[in-house]
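Read the structure below first, then the notes.
The values are calculated or read from the model by the stated rules, or taken from the named source; none is laboratory data. In this text, all values refer to a predicted model and were calculated from it rather than measured experimentally. Every residue, glycine as well, gets a Cβ built from its backbone with ideal geometry; the counts of neighbours run over all protein chains shown. Areas reflect the complete protein model, heavy atoms only, side chains present, ligands, DNA and RNA absent. Shrake-Rupley method; radii C 1.70, N 1.55, O 1.52, S 1.80 Å.
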Amino acid sequence: MKIKLEPLESITLVDRIEQRIVDYIRENNLKPGDSLPKEIEFANWLGVSRTAIREALVRMRTMGLVESKKHRGMILKEPDLIFNIQKTLNSKMLDENTLQDLFEFRLMFEIGMVDFVFARKTDEQVQELETLAKRANYEYVDNYFSLEDEFAFHSTLYKMAGNQTLLRFHEILLPVFQYVHDSQAKEISNLNKINQLVTHLDLVEELKNGTPQSFREAMRTHLNPHFERIDKINEENIKKYY
């Protein structure tokens, strides 16, 4: 006889309280700056202790969703999309698969932002990029890049895109750059030695004298060694299943 098993209830009381507070905020169309009911009111409505309510609110405050104001109690804050990622992202706590996923995220962003970079670039920013690219001096560097130069150059590209959320997300991705530097530099440096790579200096040249289309193609070619490595990983994973 086949017996259908229901999932085990793993959500805690505080989890449920937190969800009900979030539901209350949505149902009452509360906006940032609006006050929340007092702890005792939530406790009475939900039939739980004030201690449990307080624990749920502390969680929400830690997440940056609410804050305590003198004479007003707990008020709603505008959610900070990057805040919690920034606090918790620690490369030592992430496995290789997660780091690889984050790196693929980075590739998606950098291909997607090229039109914005080209449209919003300033002469000063292009000059800054050129200075960074010349400082890297690829012709005499054994590895594909130094971590410092790579991060500085791409940080400037993100600034040029003019999207603050994207820029903040990029700034917390240093562990991803470290992952690439440690695991892929040797492979990509071999490509560099046989002149199959579009360098940072080439990208600067496209920003100065090219078109949005030529810059997009140059960026794709610049990142191509990473895409090739991803394709290789995918092929290896497919072989494992067949």
- Message: Exactly one condition in (1) modelled with pLDDT under 80; (2) open to solvent by less than 60 Å² (accessible area, probe 1.4 Å) is false for Phe151; which is it?
- Response: (1)
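Report the residue count in segment 76-94 for those that are of a type outside the set (Phe, Trp, Tyr), open to solvent by less than 90 Å² (accessible area, probe 1.4 Å) and modelled with pLDDT under 90.
Qualifying residue count, segment 76-94: 9.
If I filter segment 95-104 for residues that are of a type in the set (Ser, Thr, Tyr), modelled with pLDDT of 90 or more and part of a helix (DSSP H, G or I), do I get at least one hit?
Keep residues of segment 95-104 that are of a type in the set (Ser, Thr, Tyr), which gives 98.
After this cut, where a residue has to be modelled with pLDDT of 90 or more as well, the list is none.
No, because not a single residue in segment 95-104 is of a type in the set (Ser, Thr, Tyr), modelled with pLDDT of 90 or more and part of a helix (DSSP H, G or I).
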- State which residue pairs qualify: first residue on the phi < 0 side of the Ramachandran plot and inside segment 169-183, second residue of a type in the set (S, T, N, Q) and buried (at least 18 other Cβ atoms within 10 Å of the Cβ) in any location, beta carbons under 8 Å apart, and separation of 6 or more residues or different chains. Tyr179/Gln100
- Item | Conditions (1) open to solvent by less than 100 Å² (accessible area, probe 1.4 Å); (2) assigned by the TED database to the domain that holds Gln178; (3) polar (S, T, N, Q): number failed by Asn97 | (1)
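Results for (1) within 30 Å of Arg168 (Cβ to Cβ); (2) modelled with pLDDT under 90; (3) open to solvent by less than 100 Å² (accessible area, probe 1.4 Å), shown as yes or no for each residue.
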position	(1), (2), (3)
Met1	no, yes, no
Ile11	no, yes, yes
Arg16	no, no, no
Gln19	yes, no, yes
Ala43	no, no, yes
Met74	yes, no, yes
- Task: Return yes or no: is Gly73 at positive phi and over 20 Å from the mean Cα position of the chain (by Cα)?
- Result: yes
- Message: Looking at segment 50-69, I want the residues that are under 16 Å from Asn84 (Cα atoms) and open to solvent by 70 Å² or more (accessible area, probe 1.4 Å) and have a partner that is basic (Lys, Arg) and part of a helix (DSSP H, G or I) with Cβ atoms under 9 Å, at least 6 apart or on another chain. Which pairs are those?
- Response: Thr62/Lys87
